[in-house]
Amino acid sequence: MKEKIFIAGAGGMLGEAFYNVFKINYELKCTDIDLNEQWLELLDFRKKKNYFEEVNSFKPDYLFHLGAYTDLEYCEQNEEDTYLTNTESVKYAVEISNNLNIPLLYISTAGIFDGSKETFDESDSPNPQGIYAKSKFFAERFVQENSKKYLICRAGWMMGGGPKKDKKFISKILKQIEKGSKEIFVVDDKLGTPTYTYDFAYNTKQLLKFKKWGLYNMVCQNKTSRYEVAKEVIKILNLENKIKVTKVKSDYFSKTYFAPRPSSEILINKNLAKIKMDMMRSWKITLKEYLNTYFNRENNAI
Ligand SMILES: NC(=O)c1ccc[n+]([C@@H]2O[C@H](COP(=O)([O-])OP(=O)(O)OC[C@H]3O[C@@H](n4cnc5c(N)ncnc54)[C@H](OP(=O)(O)O)[C@@H]3O)[C@@H](O)[C@H]2O)c1
């Protein structure tokens, strides 16, 4: 009989990959407030009683708490709401998984670091700057201090979800291309490590399989900048002669992107390397795979 996983907040970018990667070997119950797939069932994980009841009745072997508010500007302007969604609900997840004596998976973020140096491994102390980063870090710390058995996997700049669900950097670049922009302005003073949702899901699956509980940075290989990622998108799509990518500094976008962002949020997968389970591929390879899979130009997806 297959082991069972309850996934809370599975309707987003990461949930799409988790569903496809885990459904092969596990029985899943996937929930969200946004029912954008037929395989999703309704659960608002902020409703503690409902969360308890839904998980208890499914009797899973693992609880995955994936969902969060991920729009940094929304979080900056809606502090209380953000803590309820990104921090308080994670406390419920810890309580539920402890009661059932099952491991908990929590997804954290590279954004909890302050950019005071270039790279961060698991031995570095987080110093979150904005509301989103704080809400995610407080939850991460709560899991570490209170969960009996947990996996915390930290992602970087998320790539995934496809045209329907991708609301992050890649989709913002593609939307400008779609609009017919001949010049795209991109910051070159923000460094990070892209993270393909499928690599992230596969690597998590291996950790689960071998019961390697603990804290893991889990990002694609090779550091980069937003500018370099945008250039690579244009190159992969063969648009180098048609679209110019122009470097700007972050203050160029200070009105639109007013939430604090560290100058560097490059993660090093030190704990994965230690146990020889770093399966994350280079970001350029995964970006190409992502664009070819979901945004095939011949199919007029962009
Ligand atoms: N995206 C990134 O760049 C990034 C980077 C590092 C770490 N992470 C972390 O990775 C995890 C997955 O993020 P993602 O990229 O998949 O984000 P996403 O695409 O925004 O998906 C998150 C999902 O959670 C749902 N959700 C929000 N509040 C909920 C609630 N009260 N009950 C149930 N579901 C709720 C969202 O619904 P709505 O859309 O209706 O709000 C959305 O479907 C999050 O924990 C995030 O913090 C993300």
Subject >> Near pairs, Cβ below 6 angstrom, 6+ apart or cross-chain, from segment 232-249 (more than 19 Å from residue 283 (Cβ to Cβ)) to any residue that is in a strand (DSSP E or B) >> reply: 244/183; 246/183; 246/185; 248/185; 248/187
**OP:** Exactly one condition in (1) surrounded by 15 or more Cβ atoms within 10 Å (Cβ to Cβ); (2) without any contact (Cβ under 8 Å) to a residue 24 or more places away in the chain; (3) under 18 Å from the mean Cα position of the chain (by Cα) is not met by residue 12; state its number.
**Re:** (2)
Original post:
On the given criteria, is residue 97 more than 21 Å from residue 157 (Cβ to Cβ), hydroxyl-bearing (Ser, Thr, Tyr) and in contact with a Ser or Thr (Cβ under 9 Å, 6 or more places away or on another chain)?
Top reply: yes
Original post:
Consider residue 64 against the criteria (1) surrounded by 22 or more Cβ atoms within 10 Å (Cβ to Cβ); (2) within 12 Å of the ligand (Cβ to nearest atom); (3) over 20 Å from residue 204 (Cα atoms): it satisfies all of them except one. Which criterion is unmet?
Top reply: (3)
**OP:** Go through (1) out of contact with any helix residue (DSSP H, G or I) (no Cβ under 7 Å at 6 or more places or on another chain); (2) loosely packed, with under 14 Cβ neighbours inside 10 Å one by one and return the number of the condition residue 228 breaks.
**Re:** (2)
Subject >> Members of segment 163-186 found to be closer than 14 Å to residue 290 by Cβ and within 11 Å of the ligand (Cβ to nearest atom), listed by number >> reply: 164, 165, 166, 168, 169, 170, 171
Subject >> Pairs with Cβ under 7 Å, 6+ apart, first in segment 200-224 and under 20 Å from residue 125 (Cβ atoms), second small (Gly, Ala, Ser) and part of a helix (DSSP H, G or I) >> reply: 219/110
Subject >> First in segment 104-133 and over 25 Å from residue 196 (Cβ atoms), second anywhere and within 13 Å of the ligand (Cβ to nearest atom) and part of a helix (DSSP H, G or I), Cβ under 7 Å, 6 or more apart >> reply: 131/75; 131/82
**OP:** Examine segment 17-30 for a residue that is surrounded by 15 or more Cβ atoms within 10 Å (Cβ to Cβ), touching a residue at least 60 places away in the same chain (Cβ under 8 Å), in contact with a helix residue (DSSP H, G or I) (Cβ under 9 Å, 6 or more places away or on another chain) and closer than 20 Å to residue 168 by Cα, and state whether such a residue exists.
**Re:** yes
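Throughout, read-outs are computed from the coordinates displayed, never taken from laboratory work. Everything numeric in this text was worked out from a predicted model, so none of it was measured. Note: ideal-geometry Cβ built from the backbone for every residue, glycine included; neighbour counts use all protein chains shown.
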